[in-house]
Ligand code: UT7
């Protein structure tokens with residue numbers, strides 16, 4: 001028997017306010033037609049004052065804990081992936097810990113932009129198998145609306161806010177995380193970045209992206225890293241029950257599935273409703289498909305993401 005990190009429950013949260021493409025087209029020079037055709041996005045959720053990365057994360061965690069039947073104080077580790085923390089410090093993970101009423105646990109943020117949840121999952125999996133804790137909350141939560149340039153139609157139509165969380169528990173058996181692979185190539189820092197920060201400008205900054213370049217790298221990197229995790233876990237593409245991808249662009253999802261020879265019906269798609277929620281997109285999509293009954297116990301899942309850095313990664317897991 002092997003000690004593995006098993007997904008015991010999933011949860012997610014979205015801000016109350018839903019903004020469709022027509023509403024955006026009243027503010028910037030764009031159209032529903034352009035956004036749908038180029039990205040597949042139809043709407044996104046935008047956080048109001050008081051809805052923050054930490055508060056959305058807490059709601060997602062409460063739902064994941066409820067689904068797992070686990071009390072907050074049974075959690076020994078919180079890893080929160082975000083590029084939009086409530087404050088530069090302390091970590092949003094410690095804020096989530098306090099709001100959940102957890103007296104003592106390990107808690108920290110992980111920053112790998114859109115790949116953040118894969119980085120968080122891999123770190124939490126290693127720590128659980130290494131004996132640092134028995135149960136973990138692994139979270140992706142973002143409020144990208146706060147770092148968008150609302151006058152740049154090339155980026156502001158693409159992103160939304162939200163959070164997703166899973167409860168992981170170390171258990172002997174065949175289910176759980178089977179393999180993870182992470183990558184980074186910092187030579188591409190300038191293709192997707194924020195033009196501010198505490199140590200440079202002293203400001204938060206706004207998101208900037210060379211979309212076409214990112215798109216080109218995304219399809220190649222995602223197909224490669226999916227191949228790697230499948231090979232590590234001893235599977236081929238035909239064994240996959242569900243792909244739970246980062247939701248940046250429906251065309252990236254289609255192109256990646258095609259490159260791997262995967263049926264499009266096996267790909268969980270939420271980008272149409274949520275837009276790109278960065279580190280939150282994978283756990284949000286996972287929770288949607290678990291709760292609507294598509295993902296069932298025993299299914300083989302592959303999770304993948306790619307984002308600023310560049311960073312990219314994937315995981316294979318038996319749900
Ligand atoms: O989460 C991290 C990973 N991020 C991604 O993976 C994003 C990857 N990139 C993409 O998804 C796509 O490149 C975009 C959706 C960002 C852009 O699609 P594209 O087909 O690459 O379009 P483009 O940037 O080359 O722009 C084509 C045209 C331009 O006009 P001209 O120069 O051809 O006259 C843009 O000015 O579309 C114009 N355009 C818009 N038009 C209406 C750009 N944004 C908009 C807009 N509405 N919102």
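The values are calculated or read from the model by the stated rules, or taken from the named source; none is laboratory data. Keep in mind the model is a prediction, meaning the values are calculated, not measured. With ideal geometry, Cβ positions are generated from the backbone for all residues, glycine too; neighbour counts draw on all protein chains shown.
Hey, does the range 183-192 have a residue that's in contact with a strand residue (DSSP E or B) (Cβ under 7 Å, 6 or more places away or on another chain), more than 16 Å from the ligand (Cβ to nearest atom), under 26 Å from residue 91 (Cα atoms) and in contact (Cβ under 8 Å) with a residue 12 or more places away in the chain? No, the range 183-192 contains no residue that is in contact with a strand residue (DSSP E or B) (Cβ under 7 Å, 6 or more places away or on another chain), more than 16 Å from the ligand (Cβ to nearest atom), under 26 Å from residue 91 (Cα atoms) and in contact (Cβ under 8 Å) with a residue 12 or more places away in the chain. Evaluated against (1) exposed (fewer than 14 other Cβ atoms within 10 Å of the Cβ); (2) more than 20 Å from residue 266 (Cα to Cα); (3) touching a residue at least 12 places away in the same chain (Cβ under 8 Å), residue 239 falls short on exactly one condition, (2). Within the range 268-277, the presence of a residue that is more than 16 Å from the chain's Cα centre (by Cα) and either part of a helix (DSSP H, G or I) or buried (at least 17 other Cβ atoms within 10 Å of the Cβ) (or both) is excluded.
Quick grid of which residues meet (1) within 13 Å of the ligand (Cβ to nearest atom); (2) out of contact with any strand residue (DSSP E or B) (no Cβ under 7 Å at 6 or more places or on another chain):
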site	(1), (2)
31	yes, yes
43	no, no
52	no, no
65	no, no
73	no, yes
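Among the criteria (1) more than 16 Å from the ligand (Cβ to nearest atom); (2) surrounded by 16 or more Cβ atoms within 10 Å (Cβ to Cβ), the one residue 18 does not fulfil is (2). Of all the numbered requirements in (1) in the same structural domain as residue 121 (by TED's automatic domain parsing); (2) touching a helix residue (DSSP H, G or I) at 6+ places or on another chain (Cβ under 8 Å), residue 153 misses one, and that requirement is (2).
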